[in-house]
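Okay, structure first, notes after.
None of the figures in this text is laboratory data; all of them are computed from the coordinates on show. It should be emphasised that the depicted structure is a prediction, and the values quoted were computed from it without experimental measurement. Note that each Cβ is placed from the backbone with ideal geometry, even for glycine, and that neighbours are counted across all protein chains shown.
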Amino acid sequence: MFSHHTVVPAPPGWQDYIPKCHRSALLLFLVLAFTITGYSQKTESHVQPDSLSSKVDSTILDYTNEIEDLLERTEGDTTQVPEDRLSRRKRLDALLKEYRDQPGVLFFSGDMTGILQYSPDEGDPIGTGTGSFDIYGHTRLGEDVLVFINLEAIGGNGPNDELFTFSSLNADAGSTADSTGLDRLHIPEAWVEFSPFGNAFTITAGKIDLTNYVDNNRAANDEMSQFITGAFVNSAALAVPVGTPGLRIRTTIANLAFLQLAVVKDLNEGARIFEDAVTVGSTGFKVFPLSDWEANVRVFGYFDGRLETNSGWGLSVDQTIAGQFMLFGRWNKNSWERARTYGIRNAWSVGSQFLTTLFGLEFVTGVALGLTTSSDLTLETERVIELYLRQQMNEWIFLSPHLQLVQAAGGTDVNRTFLGLRAQLNF
C-alpha cells in the first residue's frame, strides 16, 4: 500500500515576481549607485558650493533659493506668474540670466554628455552609447537685448535604433554625423531676444526651439540633469517644430498670468515662411505663490493653418509639497488630423523629484510613469517608467544611474528593461 502525500509549494519569494532580466538590471543599477556613492565620498571635499556652476546646479531642488533667485531676477512684482524660461535646460537657463548686468561681453560655456544604456533581456540584449557636445555663446547688447547661439554635435541614436518606442528612451540622442560617419556641427538655436519693459513684455526672434517656452516643467524638462526618457522631457504627443525660424511674444496680465504667442516655420528653411507656419499659444499662472506649496500651471495649444483641424492642446503642472519634494503631471492630445501626421493621439505622465540621502550624501532623485497612445488604435498603449539618482562628483562632473522599464514598446507586445548611466561635464 502506498501512502499519498500532498506537496505544498513554498510561498513565492521576491524573485518569483521579478523576471530574471529585470533582476539583473536592478542589481546593476544598485551597483552603480553604490559606486557613485563611494567615489563621491572621496571627492566631496573638492566641491566648491559657492562657485557659479555649483550654485546653478544645486538650485534644481533648493526651493527656497529658487524663490529668492526669482525675486532678485524679476523686474517688478511678477512673482504671481511662472518664470519665463530662456532654455528648458536648467543650467543654461540660469547662466543666461546670471550675466544680465554685463552687456557687451561675449561669454562662452558648454557641456559634454554621455549616456550608456543596456537591456540585458535574454536572447536579445541591446547596448547603446550616445555622446553630445554643446557650445553656447551669449552676450547682451545693452540691458534689454540678449543674443544667443548654440553649436552642437551628437553621436549615436540610442536604443530607438534597435527598439522603436513612442516615448524615446534617450532624449539626448540623434546623430548629426553624415553618411560617411563624419561628425558635423549644427545650430539648434540662434536668436535675439528683446525685453524693452523687463519681464512684462518679451520678443524672441530667430531660429528657436519651441520646447524652451511651451510645456515647461520644473521637475521634468531637461534630459541633461533630470529624466532621459523623451516622454518626461516634453510630452510624447507634443507636435510642434523644433529649431526652425520663428517669432515669440510673451507678456504678463496684471501680474496674475502670462500670455505667450509664437509663429514658427514648420521646416528648417527660409522658403514659404509665411505660408507653412505653425501657431502656438500658451498661458500660465501660479497657485500658492512664494509658499511651501507653490504650483505652476501652464496650458497650451497649437494650430497648423494648412489644415483646418490640424491642432493639439495640453497641460503641464508642477507643485512643491511642503517644501520637501515636487510633483509633476502632463497631459497632451492631438486632433485626429495632427495625430495621423505625427503618429501620437495623446499622452500623459506623472512623477516626482526629491532629495534622497544615502550614506550621508544627498542624491537628486526622480521617478515617473508615462502612457502614450498611438493614432493607430489597433496598437496598444505604451507604458514607461524611469527612476534616476543624480550625484555631483565635483564642481564640474555629474553622474546618474537610470532604470527604465517599457511595456508595449511602440504599441507592440514587446517589454524591455534598460539600465543607463549618464555622465555630464560642465565647463
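In terms of its alpha-carbon gyration tensor, the range 194-282 comes out oblate; a/c meets the 1.5 threshold, while b/c is at least as large as a/b. Using the Cβ atoms and a cut-off under 12 Å, what net charge is assigned to the surroundings of residue 156, where Lys and Arg are +1 and Asp and Glu are -1? Here the count lands on -4.
Site pair residue 267 and residue 342 shows an inter-label distance of 1.9 nm when each label is modelled 7 Å from Cα along Cα→Cβ. Computed from backbone phi with θ = phi - 60° and the Karplus coefficients 6.51, -1.76 and 1.60, the 3J(HN,Hα) list for the range 220-228 is 8, 7, 9, 6, 8, 10, 10, 5, 9 Hz; x is used for glycine and proline. Based on Cα contacts under 8 Å between residues 6+ apart, the range 359-405 shows a relative contact order of 33 percent. Among 290-296, 206-212, the peptide with the highest mean count of other Cβ atoms within 10 Å heads the list, and the full ranking is 206-212, 290-296.
Measuring between their Cα centroids, the range 187-244 and the range 93-130 lie 15 Å from each other.
Comparing Cα centroids, the range 259-299 and the range 306-328 end up 12 angstrom apart. For the range 285-427, a Kirkwood radius taken over Cα pairs fed into Stokes-Einstein (10 °C, viscosity 1.306 mPa s) yields D = 90 µm²/s. Globularity index of the range 134-281 is 1.14 (Cα radius of gyration / 2.2 N^0.38 Å, N = number of residues).
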